[in-house]
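Derivation of every value follows stated rules applied to the coordinates shown; laboratory data play no part. Note that the structure is a prediction, hence the values are computed from the model and not measured. Using ideal geometry, Cβ is built from the backbone for each residue, glycine included, and neighbour counts are taken over all protein chains shown.
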Amino acid sequence: MAEASASEWVNPLYDPGDRRLPRIAGPCALVFFGVSGDLSRKKLLPAVYDLANRGLLPPGFGLVGVARRDYTDAQFAEIVRQDVQAHARTPFREESWKQLVTGIRFVWGDFDDAATFDRLHQTLDELDANEGTNGNHAFYLSVPPKMFEVVVDQLENHGMVDQTKGWKRVVIEKPFGHDLASAKDLYRIVSKAFPPESVFRIDHYLGKETVQNLLALRFANQIFEPFWNNNYVSHVQITMAEDIGIAGRAGYYDGIGAARDVIQNHLLQLMALTAMEEPNSFEPRQLRMEKQKVLAAASTLSDLDLYSARGQYAKGWQGGVEVPGYLQEKGIPADSHTETFAAIRVDIGSRRWAGVPFYLRTAKRMPRRVTEIALMFKRAPHLPFANTETQDLGTNALVLRIQPDEGISMHFGAKVPATGMEIRQVTMDFAYVGSFTESSPEAYERLILDVLLGDPPLFPQQEEVELSWQLLDPVLQHWAEQGAPEPYAAGTWGPQNATDMLARDGFTWRRP
Ligand code: BG6
């Protein structure tokens, strides 16, 4: 009987109709360009091991690192092992490692040297022949965007993107360009060699369990839908606060700033998932279409002086330790205008959301690390209580905590026991840790597995990327014309202009 070709290979355990079952990738090789970088070493390589450890990688699996270092396969494998032992989520098990290590290879060389790609070609041929990777190859470009074109051209020139002998996929990391024009350019470069369904754009927030739970919460339940609209919600606050500074990433961060780093991708995706209509199914096209509709209907306000805010952290205290300001960080020019705090108001022109501002905020060096989506409700139309009785009644809110302490909480007023009638804000909590025994996989585990399975729903499409830039470009242009961002002390909740921005609409930022 003729054997199924690689592209026809069907995983007997993978039933796309039943998402409860473990999904195991078919034979393939995963090639990491830029494998010596921080992201690869702390996140990507450990995630690959975690997949192997969970039994989700096939026996025919190759892991190829490409970088300028002069390692042998064995030396590279040793580095991977150290990274795995230091950063993997699951315990180190010799048997999983033994299985993974047989397919580990290293290719040294510069990306602009054709010889590097000759070597890569040979290595992939060898893996196909010896490890049974069957011509299925995923190329993960964990390299600065300016290198994308070089790598993609080399792959094409070396005949390594031919989809007829096994599948070929490319994985790119944000930032997807630095504005609309460059995002289109990037697309042009990548699509010279790869058809749209073979391009996987990683926004690691979409791989987080709690982000996917947003879909379960909204569309598996009846109780939330009735109030998920402008009849009840007064505004939405989406916050991604980090307590760290730029953590040694001056080269990447300066000139990019908080809005490009986080709002363009993670926060606008969270907004789209919060605001979208129910998709007909979770078939990739349907989900994307609904997200796109939100992004297409979203706009910032034309008075960006009033409805956007930015800041830059100055020195301050964090966890009892004095920390330097952004301008004192190693590698940052003393006159940098890069923002480390960014907030914008976004309005969504739809029947569901007209009149409900969405406030998106992100920053480095805030008092704590927290990402959350908070639906803030209108006040009850009538309160049959004395003013003194409700003075501690805050705003009703539904808060989806993306991280840490993943869960959902509801904030509302309750009577204080043994008082005549005093109402105080209380919180009702659902926490993942208390409700499930399973621990959450890392976002990269989920996303890398999806790439290997060719499962696209969690990867933003070019249209979403372009719509996001379309929204953000005017804000960035406006900021570029202004002088230095307003400083805020490290370890505080951000600059005054952000507080003013919300106060203007009669709201205050949550202190999560
Ligand atoms: C990345 C940003 O996308 O997300 C970083 O480039 C940020 O600046 C990081 O620190 C935060 O990710 P997480 O998963 O820790 O919230």
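Peptides 401-408, 171-178: what's the order by average Cβ count within 10 Å, highest mean first? Spell out each step's value before the answer.
Values: 401-408: 17.6, 171-178: 20.9.
Top to bottom by mean Cβ count within 10 Å: 171-178, 401-408.
With θ set to phi - 60°, apply the Karplus curve 6.51 cos²θ - 1.76 cosθ + 1.60 along the range 68-81 and write out the HN-Hα couplings as whole Hz, x wherever there is a Gly or Pro.
7, 6, 9, 9, 7, 4, 5, 5, 5, 4, 5, 5, 4, 4
Peptides 341-354, 495-508, 138-151: what's the order by average Cβ count within 10 Å, highest mean first? Please list the in-between numbers first.
Numbers: 341-354: 20.8, 495-508: 15.7, 138-151: 18.8.
Ranked by mean Cβ neighbours within 10 Å, highest first: 341-354, 138-151, 495-508.
List every residue whose amide H lies under 5 Å from the amide H of G394, counting only residues 5 or more places away in sequence or on a different chain, with H placed 1.01 Å from N in the peptide plane.
Here Q425 satisfy the definition.
Among 229-235, 103-109, how do they line up by average Cβ neighbours within 10 Å per residue, starting with the highest? Kindly include the intermediate steps, with their values, before the conclusion.
Details: 229-235: 16.6, 103-109: 21.6.
Output ranking for 229-235, 103-109: 103-109, 229-235.
Average the reciprocal distances over every distinct pair of alpha-carbons in the range 20-111, invert the result, and give the Kirkwood radius in Å. Intermediate results must be reported in sequence, preceding the final value.
On the way: mean 1/r = 0.0756 Å⁻¹.
For the range 20-111, inverting the mean 1/r across all distinct Cα pairs yields 13.2 Å.
Tally Lys and Arg at +1 and Asp and Glu at -1 over the other residues with C-beta under 13 Å from the C-beta of G55: what net charge comes out? Walk me through the intermediate numbers first.
Values: positive: R23, R54, R93; negative: D50, E95, E445.
Net charge in that neighbourhood comes out at 0.
A 22 angstrom limit on the alpha carbon distance is what I want to check against. Which of K208/K378; K146/K174; K43/K174 exceed it? Before the final figure, lay out the partial values.
Numbers: K208/K378 30 Å; K146/K174 12 Å; K43/K174 15 Å.
Result: K208/K378 exceed 22 Å.
Straight-line reach from K165: which aspartates and glutamates fall under 13 Å, measuring Cα to Cα and dropping same-chain residues less than 8 apart?
K165 reaches E8, D125, D128.
Please list, or write none, the aspartates and glutamates whose alpha carbon is within less than 15 Å of the alpha carbon of K192, excluding same-chain residues fewer than 8 places away.
List returned: E149, D153, E156, D162.
How big is the range 103-156 by the Kirkwood estimate over distinct Cα pairs, in Å? Display every interim value, and only then the final one.
Details: mean 1/r = 0.0835 Å⁻¹.
About 12.0 Å, per the Kirkwood formula over Cα pairs.
Stokes-Einstein diffusion coefficient for the chain at 4 °C in a medium of 1.567 mPa s, Rh from the Kirkwood formula over Cα pairs: what value in µm²/s? Intermediate results must be reported in sequence, preceding the final value.
On the way: Rh = 24.6 Å.
In µm²/s, the coefficient rounds to 53.
Could you name the aspartates and glutamates in cross-link range of K364, using Cα to Cα under 16 Å and dropping any fewer than eight places away on the same chain?
Hits, sequence-local ones excluded: E242, D243, D254, D261, E322, E329, E339, E372, E486.
Provide Rg and Dmax in Å for the range 217-343, with only Cα atoms included in the calculation.
18.7, 54
Treating only the Cα positions of the range 143-264 as identical point scatterers, give the base-10 log of I(q)/I(0) from the Debye formula at each q in 0.15, 0.21 Å⁻¹.
-0.92, -1.22
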